[in-house]
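No lab work stands behind these numbers, since they all come straight from the coordinates. This structure is a prediction, so every number in the text was calculated from the model and none was measured. Don't worry about glycine lacking a Cβ; one is built from the backbone with ideal geometry, like all the others, and counts go over all protein chains shown.
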Amino acid sequence: MHARRRTPTWAWVSALTVAALVAVAVLAVQARGKVPEGGLAAARPSASPSTGSADGKSATPRPTPKQENAVPEDSGEGRRVVYSLGQRRVWLVGENELPLRTFAVWPGGVAPAEGEHKVSTRRAAGNGSDGVPVEHVVYFANTEGVWVAFSHAADGAAPTSSPEGRGGAVRTRPADGEALWEFAATGTPVRVVG
């Protein structure tokens, strides 16, 4: 009689483990309803928080960065610049009401009045009211005899002084200032909100 050769236990365990992983991947793909780009190897759990709750009711979803930086309500219509005093943020809004760009700013000591303004004039370069050489200066309001304008420091530096002075400069980072300069020609609406 010949002795029957036995398959080692580790081989069975390995085969069962591989089969179980394949089954889980197939079920996950079926649950999603499609094969992800890159095939089954690309199927990975999402890092985003769950919006469901234990009782099956939908919980309030957390805002995504896009929602947190959404264009403020009641900020006008059409192609415009929106400046939020409270958020210290600017949006460049296209005709389709979608923001083309949004960025944080450093406000000056004199805030523009809330409401509708228009870009009145622009200057490629000059000195700010604080003596700092600036570029891409976009004037849009005059408050208490002080001109309020977006600009950025020519050397790209952030403001070092507090905004308690009488200056109306709303400073941006260089890339944001250049984008605003390209977007906001003379006559472009600037909506200032709280």
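Tabulated results
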quantity: For Y139, net neighbour charge (Lys/Arg +1, Asp/Glu -1) across residues whose Cβ lies under 9 Å away; calculated: +2
quantity: Segment 132-194 versus segment 94-118: alpha-carbon centroid distance in Å; calculated: 10
quantity: Proximal charge balance of D155 [Cβ under 13 Å; K/R count +1, D/E count -1]; calculated: +1
quantity: Cα→Cβ-extended label distance, 7 Å offset, between A157 and T143, nm; calculated: 2.5
quantity: Rh by Kirkwood over Cα pairs, then Stokes-Einstein D for segment 66-194 at 1.567 mPa s and 4 °C, µm²/s; calculated: 90
quantity: Additional length obtainable on full extension of the chain from L98 to E116, 0.36 nm per residue less Cα span; calculated: 4.6 nm
quantity: Radius, Kirkwood style, for segment 71-140 when every pair of distinct Cα atoms is counted (Å); calculated: 13.4
